[in-house]
1. Given springs between every Cα pair under 10 Å in a Gaussian network model of the chain, which of V176, V33, V215 has the largest fluctuation?
2. Starting from 0.36 nm per residue, how many nanometres of slack lie between F229 and A29 once their C-alpha separation is accounted for?
3. What's the extension gain from V15 to T175 if we count 0.36 nm per residue and subtract their Cα-Cα distance?
4. I want to verify the translational diffusion coefficient of the stretch 2-250 in µm²/s; compute it with Stokes-Einstein, Rh as the Kirkwood radius over Cα pairs, at 4 °C and 1.567 mPa s.
5. Sum up the charges of everything whose Cβ sits under 13 Å from the Cβ of H91, counting Lys and Arg as +1 and Asp and Glu as -1, but leave H91 out.
6. What is the spread of the Cα atoms of the stretch 95-179 along each of their three principal axes, largest first, in whole Å?
7. Quick one: net charge around H163, please, counting Lys, Arg +1 and Asp, Glu -1 for every other residue with C-beta under 14 Å from its C-beta.
8. Taking the Cβ of R213 as the center, what net charge do the other residues with Cβ under 12 Å away carry, scoring Lys and Arg +1 and Asp and Glu -1?
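FYI, it's all coordinate maths here, none of it is from the lab. This one's a predicted model, so the numbers in the text were calculated from it and none came from an experiment. No Cβ is skipped: glycine too gets one built from the backbone with ideal geometry, and neighbour counts run over all protein chains shown.
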Amino acid sequence: MAAVTCDFFSEVLEVGTSVSVVLPQATQAQIGVSAVDRTGGDLPVLYLLHGLSDDHTAWTRYTSIERYAAAAGLAVVMPAVGRSFYADERHGHRYWEFVSEELPQVMGSFFRISSQPAETFVAGLSMGGYGALKLALTHPGRFGAAASLSGGLDAAAIADFPHRRELFERVFGGTVGPADDLFALLAAAPASDVPPLFVSCGTEDELLPFSHRFVDEARARGIEVTADFRPGEHEWGLWDTVIRDVIAWLPRGAAAR
């Protein structure tokens, strides 16, 4: 596996930014690491999104994502978006346009990764779980699957948390509109277009009701959802285990497994 920190200029953000990338490397002499030989063609790619207090380095620092991706022959792209809630901030930067439009174009120009929906996936934790499902519901034709780990899925409810009001005033102007409300997006998206979803949360997490509600409403609309509610809080020990299970779940076909 190759681990790369990619520093580049974003035209959308109008500033330099950073992305962590891991790329499969099939080896014979390396001890203790299994890897899939993906030398022919573009690599399937997982866009893996961080949470509110993290950055592009968090997934590689606190989990074994590099080992899990190596075993699956999967490239992983982990961008930095600050405390943006994956939105075009009312008072700040256009992070939604960056992640949804510019990032895949730039990464595709730098690395040999797939742009085919069947080989393009998105997942994230907490704020990133919200971002992952927002991408899947807004651009369902771009992704083969999407996963939320302990997601802050009800942005409108979080906007009323006393300790988040200042943040949501800066990001959303205080009011979460339909384009940023996952439940509004869920109601508007044609069910047949939405890719398979994986929604996980620890049963001791205060955000658990948001994931329960999302699963119930998605299933009521006939959307394929794998629900994963297991013991755990809002912490990396849980997410390290779940992201391994998410990668195993990704619908990549028998040839990729």
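1. For the chain, modelled as a Gaussian network with Cα springs under 10 Å, the answer is V33.
2. Residue separation times 0.36 nm, minus the Cα-Cα distance, leaves 68.1 nm.
3. Contour length minus the Cα-Cα distance gives 54.9 nm.
4. 71
5. Working: positive: R83, R90, R94, R170; negative: D88, E89, E166, E169.
My count for the surroundings of H91 gives 0.
6. 44, 21, 20
7. Net of charged neighbours comes to 0.
8. Counting the neighbours of R213, the net charge comes to -2.
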